[in-house]
């Protein structure tokens with residue numbers, strides 16, 4: 001089994017941190033949309049105090065992924081296993097899709113009021 005590259009790991013870390021940063025707003029709305037409810041859903045609002053730290057982790061993870069994908073790709077030495085161009089292309093596509101999704105998730109508390117009325 002292949003181990004994930006640093007680029008793939010940092011992309012995954014970025015999206016998980018973005019979900020964590022928005023757990024005060026998006027996650028309760030998603031749970032209620034799926035039909036899950038209860039008093040415990042309102043307790044997720046207490047996670048709002050971790051928003052700045054998780055936002056920092058999100059920015060750092062996506063920044064590192066951008067650095068490794070575009071600025072300084074993994075070196076290909078004579079005995080190193082080089083990433084094929086197809087894999088690099090798929091990683092770049094996944095990077096941009098998850099970056100846009102993370103932006104939408106993190107910024108949701110600011111535009112959700114306008115969408116929900």
Notebook entry, point to check: What is the spin-label model distance, in nm, from residue 45 to residue 9 if the labels are put 7 Å beyond Cα along the C-beta direction?
Noted result: 3.8
Next item on the list: Would you look at the GNM of the chain, springs on alpha carbons closer than 10 Å, and say which of 50, 66, 95 moves the most?
Entry: 50
Margin query: For the chain, what does the helix formula give at 222 nm: sum of -39500 (n - 2.57) over DSSP H segments with n ≥ 4, over the residue count, nearest 500 deg cm²/dmol?
Written below: -20000 deg cm²/dmol
Notebook entry, point to check: Which of 38, 20, 63 moves most in a GNM of the chain, Cα contacts under 10 Å?
Noted result: 38
Check: Roughly how tilted is helix 85-106, in degrees to the nearest 10 and between 0 and 90, from the longest Cα axis of the chain?
Finding: 20
Note to self: Please compute the modelled spin-label separation between residue 96 and residue 59, points set 7 Å along Cα→Cβ, answer in nm with one decimal.
What the structure shows: 2.4
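Read-outs: derived from the displayed coordinates by stated rules, not from any lab. Here the structure is a predicted model, which is why all the values come from computation and not from measurement. Ideal geometry is used to build each Cβ from the backbone, glycine not excepted, and the neighbour counts take in all protein chains shown.
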